[in-house]
Each structure stands twice: as structure tokens, then as C-alpha cells.
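The values are calculated or read from the model by the stated rules, or taken from the named source; none is laboratory data. Note that the structure is predicted; figures quoted are calculated from it, not measured. In this analysis, Cβ positions are derived from the backbone assuming ideal geometry, glycine residues included, and neighbour counts consider all displayed protein chains.
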Amino acid sequence: MSTSPLPLADDHIPGGCRPWTTADAARWAAVRLPSWARPAWPAAALVLSVIMALIFSPGEVCTVAAPCRPEWFDAAGTMLLLPQLVWLFVLPEVAVVSAPLLLLWMADPSNWQGSWAERIADGAVVAALCWGWAAVVLRLRARRRQRGYALDAAGGVTAAVPRTVARVRRGVAFVVTGVVVCGAAGFLLTTAVMSDRHDELTARTAAPLKAQVTAYDDADGVVTVALDGQKHRIEVVEDYSVGATIPVLVKGDWIRPAAEPYEDRTGRQALGLLGAGLGVSLLAGGLLAGLRAAALRRRPVPVLRVTARRRDGRMQISAAGDGEGDRPALSYTSFGPSWQGLREGVLYGAPYEGGEVLFTGAHNNSPTARASAGPVRPAGADVDLTISRSARGDRTGNAPAAHWRAEQDRIRVALATLKPPAGPVRWQAGLVARVLGGLVVCVVTAIWIGMLIDGEHDSVWLYATWILGSIWMAVNAWSLVAWRIIADGTGLRVRARWGTRQVPWDTIRSVVYTRDGQLAVRTLTGTPDAVVGTVGWPWAERQFGLNNRAGRAAAELVAMVRDPALRPPVQG
């Protein structure tokens, strides 16, 4: 049953404020990134290429002629790759700057002096960084287009945010936390640099002597040497043979192998660099949010008349002519008392993905505002967020789960568009699923090779655990790659993990693609279900914008179950 939106009194609407028409809202919402530019793709490529580069990268060899020393430049670049993954998703303004810095780091000639396999992996890292850079540039351009469309719709009309609206201090918590984390990281890095400097100065004036290795603990990386009748335990990186004589540097109580004059501070170095990346992320995110929120109050901003509905803690903004509010163009997180129903009001600020806005509408016979407590999301991103909440089992009110709603939408589309086939119909895994299955096999094989080549100290429990894990991954990879359902006039031929099963039409109750990625043919009581197995990951499919073959197969099969006219004909 349709109800009119609750209106806002005219004296609370800025003079000349235009309505956001359905056409303008649709044009704003139509600004979408192509699937290749979504951050999940370059992020996945970067993760895989970095893993391969680390696998093929040879370990550093320490010698007296070329002793090992702290690699701060290499460590900083490697640690920057981790926050780069986060910035691709949430801080494209930072990623657009960090990507060129990482490309300059990769241009270091020392990165290109390894084997051909390492060079190919390093080339893949460069390609992934370029891919991510192009994606964030395109994303920032899309934001400018959205802002431009909103400014055009406003027609140059601006107004100041009402003085009665409470000031929301956005980003303060992030900024404070970021400063604290950056301070702690700076302390760790400073102490590590000072300790390295102390080792360097001491090694220059230390006496070169010879010492005999009496014990070597590979697990803890500790070597014991005998010198002048005393034994000294030293943390090392290289392997040492018991009984060998090695050159050492000695100055008072300070003693180090000549090939490793610096103490290993990799843990402190990595923790400090990771903390710096986390602190910069929090600080940059907080500053951007605070500056954008403050810009709404600093000067008059564009205004638009819209309709809004608060649902699941989010404000959903629709065009002024959307009397049902069922086609929101954008949404944002907001705090404050909940309200029911649709309301007319004024949107302050030119909206764009990641921006800040404020909505003023009627509540309890007086105007009230809902400032953004989180970045603006296009309507499609809001749907993805709702579905991901549903996938975790959340429920809001009496509304059905979003995953179930999406499934029902696919079924309605199938019932409306599916045509009676002339022969058997086949559904099976696509190219992307086969590539993912192949990658799983490659990763498992690479780890097995590594364990067999350098696994002389590995425990039986490690091998047993990895054997079970390999079996589990192989079974799931087979389900992902090899699933197939063929519909003919008599029923379904379902190929699952352990073989093919024939299911007659009159025993089929439904076909489902669950939130966990399981595809199954549900049958009537007394007949076991035909479970195909895990054939996808619905959340990842939404993030990557992939074609949901399993979901489409389930919807079309349900349509055939409900309408026998859509089934393939019985072959004579």
C-alpha cells in the first residue's frame, strides 16, 4: 500500500532549491566503474604476484667480503605493499600517490638481477601496481563526474547548513588513534635505526678474531661459539656448521660474526613499518573525513530537494519524485533516533562516492538533520552491504534476508525471460572458476615442492596437517571446476564431487544457491538431496562483479520446476 512522503515545511526549504529529478538521480547513479577497475581485481593480482615474487626471491647470502646489513629501503617498500591493498579499497586519494612511489621502488636495479622466474614475478608486481593506479585514477574521475552531475542538478543554488544542526566531529577518533600509532611506530623505527648505527660504529673499531662453532640451534637462529675459553650465544640469520671456525668481530662484550655485524632486528623493523602504514591510513582517513565534514559548514553548499528513508542505520536518498523510496540513488551511515516511513527534505552538499552530505527532514513536527557518519555510497554499494550483512545471518525487522531477496529476483527474471528450449540445457563452471581452481592446484603444488626441497626439519604433524589441508582444498577445487547440471525432458543429471546422479522432475522440490556458495537440488521427503558442493563465493562474486553462473542456474532450474512448459522436451 502506497503512502505519501512526510513533507517538510516550506519555511525550512532554502529559496530556489530544486528537486532532484528522477532523470538526474538516475544519471548520477549510472556512474559506475567497469568491472576491471573495481579494487578487488588489482588487489588480488598484487597479492598473488607478491607471493610469487617472495617464493622465487633467493635468500641473501652473508659473507665477510659482502656482510649482511639492514635493508631499510627494501623493507619499507615491501611493507608499503600491505597498506596499499587497504588504500585501493578505502583511500584512493592516498593510493594514487603511493602507487607511483612503489613503482619507483620496483625500478631499483637490484630487483631485476635474479632468476627469470623472479623477474617475471617482479614484472607481475609492476603490472598489478599499474593496474591499481589506473583503477584509482578512474575511480577519482568517477567521483568528479558524480559531483558535476549533482552540481548541474542543483543549478547553482546554494545554502548554508541550518545553525540548529548539531556539529558532528567526523574523523577525530581516527586522527587521534593515527597519531598515537604513528608515534609508537616512530619510536620503534628510531630505536632500530639507532641500534643499527651503534652496531655499524662498533664493527668499524672491533678486533677481527677467529672463533669455533660449538652449537647451532636452527629453530631459534642462535649459534654458540668458543672464544678464549668462553662460550658466547649469538643470534644469526645464516646457517653454521658445528666444529667450523668462523671470523668474528669483538669489542668488549660485543661480539658478532664478521659476515653478520648487525643484530637481527627484522621483527622490530617490520612491526614499526606496519604500524607506520596503519597510522598513516587512520590519520589520512580521519583528516579527509574531517575536512569534508567541515566543508559543509564553512560556506554555502549546493542543495537539492529529495526523499529519504532510514533503514538499517543508513539514510537512503532517492529522487524527489520517488514517492515509494524504493529506488535510492545513494546512502550513508547516520546516527540518531530512528524514524519510520519516507520523508521529503533537503540534501546539503554535492554528493559523490566517498563524500559527506547532510539531510534535513521533518520529524515530530519539527525539522531534524541526519549528518553522514560515514562516506557516501552509491545505491549499488548499499545493496552489496545489505547482502553481506544478510550473509552473516543478520536480520532487520521482518524483512527477508537480502540474499533470499536477490535469489527471488533472479527467479522472477528467469520466469519472465526464459524460453522453452529445443533440447537439453547445460549449466557448468565458467572460465573464472576454472582459473581459480587451477590457481589452487598451483599453490598447493608449489608449497609441496618447497616442503620436499627444504623440509628436512619439518615435523610429522606439519606434514599430516598439510596432507589433510591439501585433500580438503583439492575436493573443493574439484567441486568448483567440475560441477555440471544437464536438464532434459526426464529430469536433471547432476555431476557432483563423487559422481553423476539422475533426479526426475517429479521428485524435485527446489534448487538453491546458498549464502555459503553451495549449489543443491532439494528433493521431496524420502529422497536424498543432490548436493553439487561449493561452487562459488557469493560475496566475492559481488565484489568482483563476476557472472553468477551458479545463482543463474538455480533460478532457471526453479523456473523449470514451477513451470513445466519451460522444461526441455522429452526426446522421442
Selection count where residues are at pLDDT below 50 and either farther than 18 Å from ALA329 by Cβ or crowded, with 18+ Cβ neighbours inside 10 Å (or both), scope region 356-391: 7
Top-ranked residue in region 26-43 [being more than 19 Å from ARG145 (Cβ to Cβ) and modelled with pLDDT of 90 or more; ranked as surrounded by the fewest Cβ atoms within 10 Å (Cβ to Cβ)]: ALA43
Residue in region 237-246 that is outside the structural domain of ARG170 (by TED's automatic domain parsing), crowded, with 18+ Cβ neighbours inside 10 Å, outside any helix (DSSP H, G or I) and in contact with a Ser or Thr (Cβ under 9 Å, 6 or more places away or on another chain) present: no
Selection count, region 331-355, where residues are of a type outside the set (Gly, Ala, Ser), within 18 Å of TYR149 (Cα to Cα) and either outside any strand (DSSP E or B) or modelled with pLDDT under 90 (or both): 3
Residue identified as within 30 Å of LEU91 (Cα to Cα) and either without any contact (Cβ under 8 Å) to a residue 12 or more places away in the chain or in contact with a His (Cβ under 6 Å, 6 or more places away or on another chain) (or both) among GLY267, GLY279: GLY267
Residue identified as surrounded by fewer than 16 Cβ atoms within 10 Å (Cβ to Cβ) and part of a helix (DSSP H, G or I) among LEU46, LEU54, LEU81, LEU85: LEU54
Residue list for region 426-463, filter: at pLDDT below 70 and either over 24 Å from MET52 (Cα atoms) or touching a strand residue (DSSP E or B) at 6+ places or on another chain (Cβ under 9 Å) (or both): SER459, VAL460, TRP461
Matching residues, region 502-531, being among the small types (Gly, Ala, Ser) and either in a loop (DSSP other than H, G, I, E, B) or under 15 Å from ARG562 (Cβ atoms) (or both): SER510, GLY517, GLY526
Answer residue from region 88-131, given it is in contact with a Gly (Cβ under 8 Å, 6 or more places away or on another chain) and of a type in the set (Gly, Ala, Ser) and is surrounded by the fewest Cβ atoms within 10 Å (Cβ to Cβ) among those: ALA99
Condition broken by VAL64, with the remaining ones in (1) surrounded by fewer than 18 Cβ atoms within 10 Å (Cβ to Cβ); (2) outside the structural domain of GLY114 (by TED's automatic domain parsing) satisfied: (2)
Residue that is modelled with pLDDT of 90 or more and among the basic types (Lys, Arg), where the choices are ARG549, ARG522, ARG562: ARG562
Given (1) surrounded by 16 or more Cβ atoms within 10 Å (Cβ to Cβ); (2) in a helix (DSSP H, G or I), index of the condition ALA23 fails: (1)
